[in-house]
Amino acid sequence: MRALVDGWASGALAHNPLLAAVDREPALDRWYLRMRGEEKAAITVWLTLRPRTVHFETYFMPAPEERREACFEYLLRVNPRLYGWRFAVGAEDAVYLVGQLPLGALDEEELDRILGSAYEYSEQYFPAAMRIGYGSRFRR
């Protein structure tokens, strides 16, 4: 699986103009895929190989400072529309997009889907979530 991800990441970096960098942390079997965003300046996907699954996540936004319940409700209502990802609350109540697949399902097409959907969901839902959770500071 490591060779699959390494090969795919090299190709994606060479051919995907949105992908700015790929870093690997071999001791953790983790890759950091950093993309340039439009609504959100940068989107970094952490891709981690586990014994039976591949886990992926991206930091979406800090903990909402205003209208917390409304912000979390919005994200929970979005969850059923997402393919392979879900919104989750992590450390310090920050919001993440997270997902996982069985290792046997991992191939280049799935890696493309993981990266593309992380970009799409971050770009699509970030502005509204920030308007709800940071209304007095985030205006567009």
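The values are calculated or read from the model by the stated rules, or taken from the named source; none is laboratory data. Because the structure is predicted, anything quoted here is derived from the model rather than measured. When we count neighbours, we look across all protein chains shown, and the Cβ atoms used for this are built from the backbone with ideal geometry, even at glycine.
Brief remarks follow.
- The residues of the range 57-72 that are charged (D, E, K, R) and in a helix (DSSP H, G or I), listed by number, are ARG68, GLU69.
- Residues satisfying the stated conditions in the range 73-108, i.e. over 17 Å from the mean Cα position of the chain (by Cα) and either farther than 20 Å from TRP31 by Cβ or not in a helix (DSSP H, G or I) (or both): GLU73, TYR74, ARG77, GLU92, PRO102, ASP107
- Test: TYR119 is among the aromatic types (Phe, Trp, Tyr), touching a helix residue (DSSP H, G or I) at 6+ places or on another chain (Cβ under 8 Å) and surrounded by 15 or more Cβ atoms within 10 Å (Cβ to Cβ): no
- Of all residues in the range 70-116 being touching a residue at least 12 places away in the same chain (Cβ under 8 Å) and among the charged types (D, E, K, R), the one that is surrounded by the most Cβ atoms within 10 Å (Cβ to Cβ): ARG86
- Hey, ALA9 of a type outside the set (Val, Ile, Thr), over 15 Å from GLY133 (Cβ atoms) and surrounded by fewer than 16 Cβ atoms within 10 Å (Cβ to Cβ) or not: no
- Selection status of VAL54, touching a residue at least 24 places away in the same chain (Cβ under 8 Å), closer than 18 Å to ALA129 by Cα and part of a strand (DSSP E or B): no
- Residue count for the range 32-51 under the criterion of being within 22 Å of TYR134 (Cα to Cα) and touching a helix residue (DSSP H, G or I) at 6+ places or on another chain (Cβ under 7 Å): the result is 5.
- For SER136: the one exception among (1) of a type in the set (S, T, N, Q); (2) under 21 Å from ASP6 (Cβ atoms); (3) more than 18 Å from the chain's Cα centre (by Cα): (2)
- Within the range 1-46, the set of residues being modelled with pLDDT of 95 or more and among the acidic types (Asp, Glu) comprises ASP6, ASP23, GLU25, ASP29.
- Restricted to the range 31-47, and to residues there that are within 11 Å of the chain's Cα centre (by Cα) and of a type in the set (A, V, I, L, M), the residue that is surrounded by the fewest Cβ atoms within 10 Å (Cβ to Cβ) is ALA42.
- Of all residues making up the range 48-63, the number that are over 13 Å from LEU33 (Cα atoms) and either in contact with a His (Cβ under 8 Å, 6 or more places away or on another chain) or crowded, with 18+ Cβ neighbours inside 10 Å (or both): 4
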